[in-house]
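Peer 1: After the structure tokens below, expect a handful of questions from me.
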């Protein structure tokens, strides 16, 4: 078991292997289908500073944030999976979700020394490990806005790293 | 003796909360058996996490999953149990209150037809903005009015398939197709282990209605030969919990075969329900 705390270093990511069990602690970002393309557009326009958090070394959790809690949505949905390469290029170190990714995405993660981790959809347990939450950007998207949450030891398994996938 | 409007509202409200937060006892036992049999360490860890999550959700009466689901209702009507417009209003109000109490995820989309398709109408901030699907109604032998509430998540909806199968007058051909669709669906789901809900009918509507009834009628401790075969064959694909490999891709199969027509075609609906589904609770309203 490896304990990761945000911001995650390049060295920590380089040491991770597919199948490793990890815990994730600290402040992490949450976003999914609706908001991730908007975040990428802001980065492309050189407006990443307006997001309200430094994305270098960050985790992006593919989830909505609502009164029902948090839990991973499928990372291989079109708008989510297509965000993984550009967000990795911008400094995101760990993408947290569920489901198998395509080969091109796994290769892109390797290019930018980022990884993908799978988290069980255990909303009731994750609720006990989530201590703060706030909207960072695009509040009009409601539960799909870009959120920042503080987490304590979220459990996950490394699903893709260094060009390999646990789904092979 | 019939229940009052307010009594029905209250019962439906609490039943929806149970559906969204509770594993039935036969499902808990099925998970315990799967944990005992699973030989892959990571798969076993995931199964244990899912069961622990179910215990926490039941204790808190909180959602099993953040995708708290779309209410789907099956109403069973006995011989002398009247169903009026007011009964349906009370059920609808109970659903509204239940979604707020759970609380359900506020994921209803506002606006006209086009806005609801492209999501440009914005999200309703009220959990109760998630309208239930049309009610399915059937006759029951007991002289009661019984409501099943099922909460359908989005992941299984993406991977479900309803299509025709040319059966070649051989049941095995249809089973082979079900196994093929289910294996692909479970691979893509990401939230396995599944309970496979399967309906076979004469039209897309009927097959889907059978799929829903299969979830209301199915039991983890009572499996037919066809159900066992489907489960066993999909499990041979080594997909495992969350797709991380292992023996437990499917916990059970719930299959309902409806009336069929003289034809070379059967309409089959396969829904690979996620690790928490069927999220179901049942209440008598008479």
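Per-residue answers, yes or no, for (1) over 25 Å from residue A:62 (Cα atoms); (2) over 20 Å from the mean Cα position of the chain (by Cα):
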position: B:42; (1), (2): no, yes
position: B:45; (1), (2): no, yes
position: B:69; (1), (2): no, no
position: B:75; (1), (2): yes, no
position: B:91; (1), (2): yes, no
position: B:111; (1), (2): yes, yes
position: B:116; (1), (2): no, yes
position: B:129; (1), (2): no, yes
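Peer 1: Out of the residues in region A:81-99 that are within 14 Å of another protein chain (Cβ to nearest Cβ) and buried (at least 24 other Cβ atoms within 10 Å of the Cβ), which is farthest from the chain's Cα centre (by Cα)?
Peer 2: Filtering region A:81-99 for residues that are within 14 Å of another protein chain (Cβ to nearest Cβ) and buried (at least 24 other Cβ atoms within 10 Å of the Cβ), the one farthest from the chain's Cα centre (by Cα) comes out as A:99.
Peer 1: Filter region A:52-79 for residues that are closer than 15 Å to residue B:155 by Cβ and either outside any loop (DSSP other than H, G, I, E, B) or touching a strand residue (DSSP E or B) at 6+ places or on another chain (Cβ under 6 Å) (or both) and give the result.
Peer 2: Once the filter is applied, which keeps residues that are closer than 15 Å to residue B:155 by Cβ and either outside any loop (DSSP other than H, G, I, E, B) or touching a strand residue (DSSP E or B) at 6+ places or on another chain (Cβ under 6 Å) (or both), region A:52-79 yields A:62, A:63, A:72, A:74, A:75, A:78.
Peer 1: Could you say which residue among B:104, B:121 is part of a loop (DSSP other than H, G, I, E, B), without any contact (Cβ under 8 Å) to a residue 24 or more places away in the chain and either within 14 Å of another protein chain (Cβ to nearest Cβ) or over 24 Å from the mean Cα position of the chain (by Cα) (or both)?
Peer 2: From the options B:104, B:121, the qualifying one is B:121.
Peer 1: Out of A:70, A:59, A:65, I need the residue that is more than 18 Å from residue A:114 (Cα to Cα), more than 8 Å from chain B (Cβ to nearest Cβ), at pLDDT 95 or above and under 14 Å from the mean Cα position of the chain (by Cα). Which one?
Peer 2: Just one listed residue meets the conditions, A:65.
Peer 1: Also: Among the listed residues B:207, B:216, which satisfies the condition of being at pLDDT 95 or above, over 29 Å from residue B:8 (Cβ atoms) and not in a loop (DSSP other than H, G, I, E, B)?
Peer 2: B:207
Peer 1: Another question about this same structure. Which condition from (1) within 14 Å of chain A (Cβ to nearest Cβ); (2) closer than 17 Å to residue B:177 by Cβ; (3) surrounded by fewer than 18 Cβ atoms within 10 Å (Cβ to Cβ) is the one that residue B:272 breaks?
Peer 2: Condition (3) is where residue B:272 drops out.
Peer 1: Select from region B:254-274 the residues that are touching a strand residue (DSSP E or B) at 6+ places or on another chain (Cβ under 7 Å) and in a loop (DSSP other than H, G, I, E, B) and list them in ascending order.
Peer 2: Once the filter is applied, which keeps residues that are touching a strand residue (DSSP E or B) at 6+ places or on another chain (Cβ under 7 Å) and in a loop (DSSP other than H, G, I, E, B), region B:254-274 yields B:258, B:260, B:264, B:274.
Peer 1: Quick one: residue B:102 ticks every box in (1) over 29 Å from residue A:166 (Cα atoms); (2) in contact with a helix residue (DSSP H, G or I) (Cβ under 9 Å, 6 or more places away or on another chain); (3) surrounded by fewer than 23 Cβ atoms within 10 Å (Cβ to Cβ) bar one, so which box is it?
Peer 2: Among (1) over 29 Å from residue A:166 (Cα atoms); (2) in contact with a helix residue (DSSP H, G or I) (Cβ under 9 Å, 6 or more places away or on another chain); (3) surrounded by fewer than 23 Cβ atoms within 10 Å (Cβ to Cβ), the lone unmet condition for residue B:102 is (3).
Peer 1: May I pose another question? Just the residues that are at the interface with another protein chain (Cβ under 8 Å from one of its Cβ atoms), surrounded by 16 or more Cβ atoms within 10 Å (Cβ to Cβ) and more than 14 Å from residue B:275 (Cβ to Cβ), please, taken from region B:39-66.
Peer 2: Residues satisfying the conditions are B:42, B:56, B:62.
Peer 1: Could I ask something else about it? Does at least one position in region A:29-43 carry a residue that is without any contact (Cβ under 8 Å) to a residue 40 or more places away in the chain and within 14 Å of chain B (Cβ to nearest Cβ)?
Peer 2: no
Peer 1: If you don't mind, there's one more thing I want to ask. What do you reckon, is residue A:126 more than 12 Å from every other protein chain (Cβ to nearest Cβ), surrounded by 20 or more Cβ atoms within 10 Å (Cβ to Cβ) and either closer than 21 Å to residue A:31 by Cβ or at pLDDT below 95 (or both)?
Peer 2: No, not satisfied.
Peer 1: A follow-up question, please. Out of region B:202-244, which residues are within 30 Å of residue A:21 (Cα to Cα) and surrounded by fewer than 19 Cβ atoms within 10 Å (Cβ to Cβ)?
Peer 2: B:232, B:233, B:236, B:237, B:238
The values are calculated or read from the model by the stated rules, or taken from the named source; none is laboratory data. What you are looking at is a predicted structure, and each value in this text was computed from that prediction instead of being measured. Here the Cβ is made from the backbone with ideal geometry for all residues, glycine too, and neighbour counts use every protein chain on show.
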